[in-house]
């Protein structure tokens, strides 16, 4: 066992409040492409940044809706990897040891939930929709094989994915929860996300200011001087080993 793994186990055993932030890296291990990955097929000439915005939706709602239907079909068969399952086990371990564990994700997929975790989504949810005007949740069933535009039953405006687009504010309740969990934790773990890029950077800095130890799990760790323990490698390989030692 490496010194870093020993340190992590020791920190978790002595912590009362654990906060975990996951990013695109953990979903990439399940085969879900990240926003930085080049688009494929019909969308190879578009950049994600040019489609995931309110301006793009107002300009061409059909194109943006079609792109999201394509993305949904791209990920609908993806399943949790060992990292997702390990985090669900860690949540159970925390509960049985009278600790609190807050799992916050920047991902819009539902792989954490599929694995049995309770996750707070900072960037929205790929499988939820809302009105583009009155923001009422759209609860009717959606056929993801069709790209026909849908209308809000309240105000007739177009339905959009319930996802945070470029330039939009993060959902207030989710961000408030993330800030509180970060400020009150003893250990803050970032997985598959850079601790130098916001909002992750803001949460890790908040945790550090309040006395938490910071752990980063990443194949390509960021050179961030405030990180206490770096576990360099894939979350799907490191987390199961960590859980096995904890248990």
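Each reported figure results from applying straightforward, stated rules to the coordinates on display, with no laboratory input. Keep in mind that what you see is a predicted model, and the values were worked out from it rather than measured. Every residue, glycine among them, receives a Cβ derived from its backbone with ideal geometry; neighbour counts consider all protein chains shown.
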Rg over Rh of the chain, using C-alpha atoms and the Kirkwood radius, what does it come to?
0.99
Three principal axis lengths of segment 134-236 [C-alpha, angstrom, descending]:
51, 28, 22
With axes computed from alpha carbons, what is the tilt in degrees of helix 172-184 against the longest principal axis of the chain, rounded to the nearest 10 within 0 to 90?
10
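If each residue of separation counts as 0.36 nm, what is the full-extension length gain between residue 14 and residue 118 once their alpha-carbon separation is subtracted? List each step's numbers first, then the result.
Numbers: separation 104, 0.36 × 104 = 37.44 nm, distance 2.25 nm.
Length gained between residue 14 and residue 118: 35.2 nm.
Run the numbers for residue 72 and residue 179: contour at 0.36 nm per residue of separation, minus the present Cα-Cα distance, in nm. Working shown, then result.
On the way: separation 107, 0.36 × 107 = 38.52 nm, distance 2.93 nm.
Difference between extended and current length: 35.6 nm.
Which of 158, 68 comes first, and how do the rest follow, when ranked by fewest Cβ neighbours within 10 Å? Show your work: numbers first, answer last.
Values: 158 17, 68 20.
Going from least to most buried by this count: 158, 68.
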Take 22, 222, 148 and order them by how many other Cβ atoms sit within 10 Å, fewest up front.
148, 222, 22
Please find, in a Gaussian network model of the chain (springs between Cα atoms separated by less than 10 Å), the residue of 54, 217, 26 whose mean-square fluctuation is greatest.
54
Of the candidates 184, 17, 97, which one comes out as most mobile in a Gaussian network treatment of the chain with C-alpha springs shorter than 10 Å?
97
Let me have the relative contact order for the chain, percent, based on Cα pairs under 8 Å that are six or more residues apart.
25
Quick one: angle between helix 235-246 and the longest Cα principal axis of the chain, in degrees between 0 and 90, rounded to 10, please.
40
Under 19 Å by backbone N from the virtual spin label 7 Å along Cα-to-Cβ at residue 148, the residues of segment 48-63 are 61-63
Return the tail of the calculated pair distribution for segment 19-153, meaning the percent of Cα-Cα pairs more than 20 Å apart.
52
Which angle between 0 and 90 degrees, to the nearest 10, do you get for helix 200-209 versus the longest principal axis of the chain when only C-alpha atoms count?
30
